[in-house]
Amino acid sequence: VHANFAELPRLQLSTFDVILADLGLSSPHLDDPTRGFSFRHDGPLDLRLDASRGEPASALLAKVEQEALTLALQRYGELRYAPKLAQILIAKPPTTTTELRARVVDWSGWRAPQLLPQVFQALRIWVNDELRALDTLLAWLPTGLNPGGRAACISFHSLEDRRVKHVLRDLSAPPIDPLTGKRGYAPFTLLTKHAIRPNDDEVKTNPRSRSALLRGIMKSS
Ligand SMILES: C[S@@+](CC[C@H](N)C(=O)[O-])C[C@H]1O[C@@H](n2cnc3c(N)ncnc32)[C@H](O)[C@@H]1O
């Protein structure tokens, strides 16, 4: 099924023994300049995970309101001084990764190496509405599992991991009777008290795994 996580509730799929949500972008995306994900390659500023739908970042930047872009940069890139950057991007919307890179470098000076990934990440999350898709996936998860089934998510930054952590923790918290205060049985068991990270060897052979965080739950049978 070729679909966005945001469509999961509407797809009416059967239920599963194992669900693994491997979030974020994939290496082929990053390595293909025509997809516009990398500030290291010149290419059209697209940033869509699924280029068969929606509009590229360049088209959205040409029509977005300054306030909405500021909010996206603040929320998804945790960027200070986002209003100024939003103003710069809207005054002359970049159409290629090189143009976006140049605007960010002019704006941020010596802090560019740190800020470039944050700006590209923020715009990618915004273009794909990634956090809303993740929220929908997480809300669907409990219904998508068979009894005894397991679900796990690999997230790649704190905005994703925070959501995954809270939802999985809530699902595995025993319900408390409001009158007696007695604890009931939780419908899920948390499989990872702390997120599992790649070990040093894995990061050495696959540097892109360095920020991966895996969390999982099991549905009671
Ligand atoms: C880290 S990669 C997974 C790679 C895959 N496990 C493999 O081994 O090839 C993440 C993938 O999830 C997809 N993805 C990200 N957000 C999505 C969403 N909201 N809905 C559907 N797919 C999404 C991306 O397009 C990307 O291909």
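Laboratory data are not the source of any read-out in this text; all were calculated from the coordinates shown. Everything numeric here is computed off the predicted structure, so don't read it as measured data. Note that each Cβ is placed from the backbone with ideal geometry, even for glycine, and that neighbours are counted across all protein chains shown.
Here is how the numbers come out for the structure above:
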read-out	value
Scope the stretch 1-21; condition touching a Gly at 6+ places or on another chain (Cβ under 8 Å) and either within 8 Å of the ligand (Cβ to nearest atom) or aliphatic (A, V, I, L, M) (or both); matching residues	8, 13, 18, 19
Residue list for the stretch 94-115, filter: assigned to a helix (DSSP H, G or I), touching a residue at least 40 places away in the same chain (Cβ under 8 Å) and surrounded by fewer than 18 Cβ atoms within 10 Å (Cβ to Cβ)	98, 99
Candidate set: the stretch 156-191, residues that are part of a helix (DSSP H, G or I) and without any contact (Cβ under 8 Å) to a residue 40 or more places away in the chain; chosen: the one nearest to residue 133 (Cα to Cα)	163
Hey, residue 82 more than 12 Å from the ligand (Cβ to nearest atom) and of a type outside the set (D, E, K, R) or not	yes
Residue within the stretch 120-136 that is buried (at least 18 other Cβ atoms within 10 Å of the Cβ) and over 26 Å from residue 167 (Cβ atoms) present	yes
Condition check for residue 147: away from the ligand (no atom under 13 Å from the Cβ), touching a residue at least 40 places away in the same chain (Cβ under 8 Å), surrounded by fewer than 18 Cβ atoms within 10 Å (Cβ to Cβ) and not acidic (Asp, Glu)	yes
Failed item, numbered, when residue 90 is tested on (1) away from the ligand (no atom under 14 Å from the Cβ); (2) within 26 Å of residue 53 (Cβ to Cβ); (3) crowded, with 21+ Cβ neighbours inside 10 Å; (4) among the hydrophobic types (A, V, I, L, M, F, W, C)	(3)
Complete set of residues in the stretch 22-58 that are within 11 Å of the ligand (Cβ to nearest atom), of a type in the set (A, V, I, L, M, F, W, C) and crowded, with 17+ Cβ neighbours inside 10 Å	23, 25, 37, 49
Pair list, Cβ under 9 Å, 6 or more apart: the stretch 22-39 residue over 18 Å from residue 99 (Cα atoms), other residue within 8 Å of the ligand (Cβ to nearest atom) and in a loop (DSSP other than H, G, I, E, B)	23/156; 24/49; 24/156; 25/49; 25/156; 26/49; 29/49
Qualifying positions in the stretch 193-221 - in a loop (DSSP other than H, G, I, E, B), under 22 Å from residue 149 (Cβ atoms) and in contact with a helix residue (DSSP H, G or I) (Cβ under 8 Å, 6 or more places away or on another chain)	195
